[in-house]
């Protein structure tokens with residue numbers, strides 16, 4: 001089996017996945033500024049929804065988001081974005 005195409009595609013796929021994770025974290029109000037400092041938007045509860053920055057989500061997302069915020073504060077944004085790096089190296 002010729003694996004050259006997979007070897008060429010894998011780095012780009014990893015970067016695309018990383019970008020998608022960063023985009024999703026941003027919609028949840030978890031981001032890093034240009035210096036790498038963690039930026040966390042306050043969660044504002046509005047009825048049955050919760051707003052993180054400018055995005056609204058169901059209230060059920062709050063506990064999962066809080067776990068992500070805790071993990072981001074403990075481990076850092078880069079570790080949160082690239083959890084697979086430890087397994088790939």
task = Just report the Cα centroid separation between the stretch 20-36 and the stretch 55-83, whole Å.
result = 10
task = May I ask you to sort 21, 81 by Cβ crowding, counting other Cβ atoms within 10 Å and putting the fewest first?
result = 21, 81
note = Listing 57, 9 by rising number of other beta-carbon atoms within 10 angstrom, fewest first, gives 9, 57
ask   = On full extension of the chain, what length is gained from residue 17 through residue 39, given 0.36 nm per residue of separation minus the C-alpha to C-alpha distance?
value = 5.8 nm
ask   = Does anyone have the angle between helix 4-27 and the longest principal axis of the chain? Alpha-carbon axes, 0 to 90°, nearest 10?
value = 10
query = residue 8 versus residue 66, label points 7 Å from Cα toward the beta carbon: distance in nm?
reply = 4.9
request  = Taking each pair of different alpha-carbon atoms in the chain once, compute 1/r for the pair, average those values, and report the inverse of that mean as the Kirkwood hydrodynamic radius in Å to one decimal.
outcome  = 14.7
key: Relative packing of 67-76, 42-51, 24-33, which averages over residues the other C-beta atoms within 10 Å, highest first   = 24-33, 67-76, 42-51
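Each reported figure results from applying straightforward, stated rules to the coordinates on display, with no laboratory input. Predicted, not measured: the structure shown is a model, and the values here were computed from it. Ideal geometry is used to build each Cβ from the backbone, glycine not excepted, and the neighbour counts take in all protein chains shown.
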